[in-house]
Amino acid sequence: MYQRNREIAAIHALEILDSRGNPTVRVYITLVGGIVESASVPSGASTGENEAVELRDGDRQRYGGKGVQKVVATINNVIEPRLRGIDVMRQAEIDRLLIDLDGTPNKARLGANTILGVSMAAAGAAAVAAELPLYSYLGGLGARRLPMPMMNVLNGGKHADNNVDFQEFMIVPIGAPRFSEALRYGAETFHALKALLEKKGYSTAVGDEGGFAPSLPSNETACELLVAAIEAAGYRPGQDIALALDPAATSFYANQVYDLTKSGQGPKTSAELTGLYDAWIAKFPIVSIEDGLAETDWEGFRAQTALLGDRIQVVGDDIYVTNTKYIRRGIAEQSTNAVLIKLNQIGTVTETIEAIELCRAAKWRFVISHRSAETEDTFMADFAVAMSGGQIKTGSLCRGERIAKYNRLLEIEAELGTAALFTNPYATGGALADSSRKRRL
Ligand code: PGA
Ligand code: ZN
């Protein structure tokens, strides 16, 4: 039913800072009825080659070239006149208009950051106009599953200035009965890890996503420390809290070789790296490995999934960049069995939902994810509940931009009350469990 109140009256963009202190864009949409909603765009560091283009000014005199004044001008002068007067609830139409206005396959002309800000702000304004929380507006009556948080408590790779090659070592509170308890398990383990690092004389400074970033004797030591921290916090590794990894292997791959230079552990082939994960899975309670191999190593991924896919969740991030074109190939080739979903890799809410629909149709799991540079925006927390995938990756248990998402999820859990669902997504028979999986994790 059409309502004039819901027409877009004005769009206004602002250059703000992200959690790394670099510029990003915030977009405000005003509706005829007076509603004003905003959304802020995140930014990655270990970006996939095929991600939609993030546009920056390139003017070295401002923010080392990272300013987004052109993005702001495009939104205010090019996009606003085209979207004014449209019913903000027509999300797919708005996103289509933005894609057509850009006219390139990878949003290189207007910028994915430009487009995503408008797309998310439109969804936010539409939810307010509909008088619904964002997760219900986007997900309907079925949107009541709180996601399992994959909490990145130890950082390496491109997210930290230490000697750990792998980017993310996460704890996953699979035994928690509800989201708020999962968060508590995580926070208590985070503090236990801090005490452990202090005791061993390691640094407790944190990386981009709030995880500790100590220099360690080896990559494997990170897993050992996490298990010790879980125990020190009074939890059972593998039953209450499991581990997950995101090596972000593209970041240490060149000329067909995985070179673990940060740790000095040297070069490895694709098969050797998969062998290393295989050995780790036997030793540590690992339930998920994301980007264990590089974005171009399709053959390696297929072999890895064939070897490990019945024991763990094999997630593709850089290889798919939330793009249906690559996810479709991955499904056809059985490259992984799950997909990482990042709104800014593709650039519109509608296309992100299309990527998720593809996962659902293939009975693949998916994880809604933040970026290493975030803002206080909590869109993705609502989005994770709306999409009902049961998993979210939004960083460690400190740093405001990460905690904002967790706090929003706590609010949603409280609002849903007894309707809230929360399950271990890796257990056979769980919400998204694949019936072909051979054993319980
Ligand atoms: P990024 O890292 O945001 O720096 O790309 C996150 C990830 O690899 O999952
Ligand atoms: Zn990743």
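The values are calculated or read from the model by the stated rules, or taken from the named source; none is laboratory data. Here the structure is a predicted model, which is why all the values come from computation and not from measurement. No Cβ is skipped: glycine too gets one built from the backbone with ideal geometry, and neighbour counts run over all protein chains shown. Accessible surface is based on the protein model in full, side chains and every heavy atom, while ligands, DNA and RNA are left aside. Shrake-Rupley method; radii C 1.70, N 1.55, O 1.52, S 1.80 Å.
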Original post:
What does the accessible area per residue of the range 4-131 come to in Å², with a 1.4 Å probe and no ligands, DNA or RNA counted?
Top reply: 42
Subject >> Hydrodynamic radius (Kirkwood) for the range 248-298, which is based on Cα pairs only, to one decimal in Å >> reply: 11.4
Original post:
When ranked by the protection proxy of mean other Cβ atoms within 10 Å per residue, highest first, what sequence do the peptides 92-103, 193-204 form?
Top reply: 92-103, 193-204
Original post:
Local charge sum around I403 (other residues, Cβ-Cβ under 14 Å, Lys/Arg +1, Asp/Glu -1)?
Top reply: -1
Original post:
If we sort 16-24, 316-324 on the protection proxy, mean other Cβ atoms within 10 Å, highest first, what's the order?
Top reply: 316-324, 16-24
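How would you rank 39-48, 335-344, 54-63, highest first, on the average number of other Cβ atoms within 10 Å across their residues?
Answer by packing, highest mean first, reads 335-344, 39-48, 54-63.
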Original post:
Roughly how many percent of the accessible protein surface of the chain is carbon and sulfur, given a 1.4 Å probe and a whole-percent answer?
Top reply: 49
Original post:
About its Cα centre, what dipole magnitude does the range 4-131 give when the only charges are +1 on Lys and Arg Cβ and -1 on Asp and Glu Cβ, stated in debye to the nearest 20?
Top reply: 280
Original post:
In 5 Å bins starting at 0, how do the alpha-carbon pair distances of the range 107-264 split up by percent?
Top reply: 2, 9, 14, 15, 13, 13, 13, 10, 8, 3, 1, 0
**OP:** Please grab the % of Cα pairs in the range 4-131 that end up more than 22 Å from each other.
**Re:** 33
Subject >> Folded to 0 to 90 degrees: helix 349-361 orientation relative to the chain principal axis, Cα >> reply: 50
Original post:
For the chain, modelled as a Gaussian network with Cα springs under 10 Å, which listed residue fluctuates most, I230, I241, I86?
Top reply: I86
**OP:** Could you tell me what % of all Cα pairs in the chain have separations over 30 Å?
**Re:** 41
**OP:** Report the one residue of L421, Q391, Y28 whose Cα lies farthest in the direction of the positive end of the charge dipole of the chain (charges on C-beta: Lys and Arg +1, Asp and Glu -1; origin at the Cα centre).
**Re:** L421
Subject >> Size descriptor, Kirkwood hydrodynamic radius, that averages inverse alpha-carbon separations across the range 211-268, Å >> reply: 13.2
Original post:
Magnitude of the Cβ-charge dipole of the range 120-258, K/R +1 and D/E -1, about the Cα centre, nearest 20 debye?
Top reply: 320
Subject >> the range 288-417: relative contact order in percent, alpha carbon pairs under 8 Å with at least 6 residues between >> reply: 18
**OP:** Count charges around I230 for me, please; just the other residues with Cβ under 12 Å from its Cβ, Lys/Arg as +1, Asp/Glu as -1.
**Re:** -3
**OP:** Report the net charge of residues surrounding N152, where surrounding means a beta-carbon distance below 10 angstrom and charges are Lys +1, Arg +1, Asp -1, Glu -1.
**Re:** -2
**OP:** Kindly provide the helix-only [θ] at 222 nm of the chain, computed as the sum of -39,500 (n - 2.57) over DSSP H runs of four or more divided by all residues, to the nearest 500 deg cm²/dmol?
**Re:** -11000 deg cm²/dmol
Subject >> Check: the chain dipole with +1 on Lys, Arg Cβ and -1 on Asp, Glu Cβ, in debye >> reply: 440
Original post:
Size of the range 299-404 along its principal axes in angstrom, Cα-based, largest extent first?
Top reply: 39, 28, 21
